[in-house]
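The values are calculated or read from the model by the stated rules, or taken from the named source; none is laboratory data. Predicted, not measured: the structure shown is a model, and the values here were computed from it. Positions of Cβ are generated from backbone atoms using ideal geometry, with glycine treated the same way; all protein chains shown enter the neighbour counts. Ligands, DNA and RNA are stripped out before the accessible areas are found, and what is left, the full protein with its side chains, is counted by its heavy atoms. Shrake-Rupley method; radii C 1.70, N 1.55, O 1.52, S 1.80 Å.
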Amino acid sequence: MRPEDTPPTGDRALPRAGAADALRVAAYVLLPSVVCGPVLRRRRAMAAAERLGWDRTGIGAVRRLRSRYGDGPLLLPFGRRAALVLAPRDAVDVLDRTPDPFSPASREKRAALAQFQPHGSLISRGAVREDRRRVNEDALDSGQPLHRGAGRLVRVVREEAGELLPDGGPVAELAWPELEKSWWRTVRRVVFGDAARDDDLLTERLARLRAAANWSYLMPQHRLRRARFLAHLRERTAGAEPGSLAAALPPAAPGTDPWGQVGHWLFAFDAVGMTLPRTLALLAGHPEALRRATEEATAGDPVRPRELPYLRACVRETLRLWPTTPLLLRETVTATHRGATTVPAGTTFVLYTPYLHRSGAAGAEPDRFVPERWLGGRDLARLGVVPFSAGPGRCPGEDVVLLLAATWLAAVLPGRMFRVTSRTRPGPDGPLPAGLDPFALRFSVLRPGAGPAPGGG
Ligand code: HEM
């Protein structure tokens, strides 16, 4: 038994929010994430979130709760038991003690993700979770900066980026619709192989189920749609080409269902797609960071897989500023003791990452783009900056994500000048916005020497 699980002797009880404060948490922290779509982002809601500053309001609300109630966690008097984690060190503690007593398979997540990945490790419990987790780590080479298939992955990313932004002549504009199409082609080639490149139907089938998953247990399961998607997924996984991620799935015990993990991968690659234009926008607005990034991109053989530490740091910093999982949920599977309070099994712990990431745990100037804070092997996750989560439930795809995103940036930056032409231009002159809608970002792309892009200004 860990010290935290030992019944305490008279220390401080957990604070309990008053009704008005609990309502604030519901309105400013929980509701915006639900409205924006936790599993498939709703475009209009994301635009409203940026325009109306929902994230800034949420961060401010949590900051005020912490100064009123102390470090918490703050018990919320909702119908079901819930606690908001306020202090970064408590966030680390909760994530470190995953999956027991803090299971990632919370009720909301199980209901939501079962729409398209009934056997995903994230919504599994007990021994089978361990084996599903292992299968993910094996196939994704977790902990290795360069996946065993890196040679092919880098080639695929560079080919698709080259098609998106061809070399000949200036390109007028880069916006989400074409970036999205290009990214999904990349993802399908990376996950299954070249033959899956144009399989838009698979992505559309998944999108329909993800839209249903946004409603969690409020939406009944679409069994027929799910069966069609899973059959399609299984067929693609069975035909996975050598060097693809699905081809790296290891054999496993009956019941583990290795190919059943791939639905999560496809869904999670969407978060990478959202991060690419955000990182590009940050680099476009920060000349010194752009200089370093471009220098790194042009420093070696572009085709050879490289670690690209500065570009990786840029991607991590983007994810710190605009985490793609704003709510990390954990549900206690046994009673745990916190302070003088026993928190019963079935309590949901809520980690609100936009606040944790800008609370000062990441160092000075949390509202600024400082990729350097991630350099030198610093793992800010130990301080509560957790875009990829932390502990035994940490994202097993982290290294693949960073490899692909850094490679994509290294492919598009050299020889081009990107300028943000849409409303919000994240730059160094003031605090960065708490929300940035990736779907609204537009760029003019100039190729110095090739003349200005038509209409690009
Ligand atoms: C920007 C991209 C990504 C980010 C920021 C990210 C972040 C995260 C986070 C925060 C979690 C924990 C979720 C929770 O506890 O509820 C997670 C879990 C997971 N991620 Fe990612 N992820 C990304 C992309 C990917 C990709 C591309 C893959 C696979 C190729 C992947 C595979 C997984 C898996 C399998 C889990 C579940 C782990 C478990 O059950 O312990 N992720 N990710």
- Ranking 203, 249, 229 by how far each Cα lies towards the positive end of the charge dipole of region 184-300 (+1 on Lys and Arg Cβ, -1 on Asp and Glu Cβ), the top one is 229
- Query: For the chain, what is the calculated [θ] at 222 nm in deg cm²/dmol (nearest 500), taking -39500 (n - 2.57) for each run of four or more DSSP H residues and dividing by its residue count?
  - Reply: -13500 deg cm²/dmol
- Task: Could you tell me what percent of the accessible area of the chain is made up of carbon and sulfur, with a 1.4 Å probe and every protein chain present?
- Result: 56
- Tell me, what ³J(HN,Hα) does each residue in region 145-159 have, in order and in whole Hz, if you take phi through Karplus 6.51 cos²θ - 1.76 cosθ + 1.60 with θ = phi - 60° and put x for Gly and Pro? x, 10, 4, 4, x, 4, x, 6, 4, 5, 4, 4, 4, 5, 5
- Placed amide H near residue 70: partners under 5 Å, 5+ positions off or other chain: none
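Give the relative contact order (percent, whole number) for region 116-209; include only Cα pairs under 8 Å separated by 6+ residues. Write out the running numbers ahead of the final one.
Values: 39 pairs, mean separation 18.7, N = 94.
Relative CO of region 116-209 lands at 20 percent.
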- Message: Let me make sure I get this right: for region 141-188, a, b and c are the square roots of the gyration tensor eigenvalues over alpha carbons, sorted descending. Under 1.5 in a/c it's rounded, otherwise prolate if a/b > b/c, else oblate. Which is it?
- Response: prolate
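At a threshold of 8 angstrom on Cα-Cα distance, excluding pairs fewer than six apart, so keeping six or more, what relative contact order does region 3-446 reach in percent? Before the final figure, lay out each step's value.
Numbers: 751 pairs, mean separation 123.3, N = 444.
Relative contact order for region 3-446 comes out at 28 percent.
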- Task: Go through 387-398, 37-48 and give me the packing order, highest mean Cβ count within 10 Å leading.
- Result: 387-398, 37-48
- Gyration tensor on Cα atoms of region 352-413, a ≥ b ≥ c root eigenvalues, a/c under 1.5 rounded, else prolate if a/b beats b/c, else oblate, says oblate
- Task: Could you state the angle between the C-alpha long axis of helix 127-140 and the longest principal axis of the C-alpha atoms of the chain, as a value from 0 to 90 degrees rounded to the nearest 10?
- Result: 20
- Query: Once the Cα atoms of helix 43-52 and of the chain are each reduced to a long axis, what angle between those two axes, in degrees from 0 to 90 to the nearest 10, is obtained?
  - Reply: 70
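Ignoring ligands, DNA and RNA, what accessible area per residue does the chain give at 1.4 Å, in Å²?
Details: 18470 Å² over 457 residues.
Value returned for the chain: 40 Å² of accessible area per residue.
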- Task: From the C-alpha gyration tensor of region 3-446, pull out the three semi-axes of the equivalent ellipsoid (sqrt of 5λ each), sorted largest to smallest, in whole Å.
- Result: 34, 27, 20
- Query: Along the positive direction of the dipole of the chain (beta-carbon charges: Lys, Arg +1; Asp, Glu -1; about the Cα centre), which of 401, 18, 101 reaches farthest?
  - Reply: 18
- Message: Rounded to whole Å, give me the distance from the Cα center of region 297-373 to that of region 50-121.
- Response: 13
- Message: Using alpha carbons only, how many angstrom separate the centre of region 234-276 from the centre of region 127-145?
- Response: 11
- Item | Amide H contacts under 5 Å for residue 338, placed H, 5+ residues apart | 343
- Item | Degrees, to the nearest 10: 398-412 long Cα axis against longest axis of the chain | 30
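Would you kindly work out the equivalent ellipsoid of region 104-247 from its C-alpha gyration tensor and give its semi-axes, the square roots of five times the eigenvalues, largest first in whole Å?
Values: eigenvalues 175, 85, 40 Å².
Whole-Å semi-axes of the equivalent ellipsoid: 30, 21, 14.
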- Query: In terms of the Cα gyration tensor, with a ≥ b ≥ c the square roots of its eigenvalues, is region 294-344 rounded because a/c is under 1.5, prolate because a/b exceeds b/c, or oblate?
  - Reply: prolate
- Debye, to nearest 20: dipole size of the chain, +1 on Lys, Arg Cβ, -1 on Asp, Glu Cβ: 1180
- Among 114, 298, 65, flag the residue with its Cα farthest along the positive direction of the charge dipole of the chain, charges on Cβ as +1 for Lys/Arg and -1 for Asp/Glu. 65
- Task: Considering Cα pairs under 8 angstrom that are at least six residues apart, work out the relative contact order of region 329-457 and quote it in whole percent.
- Result: 17
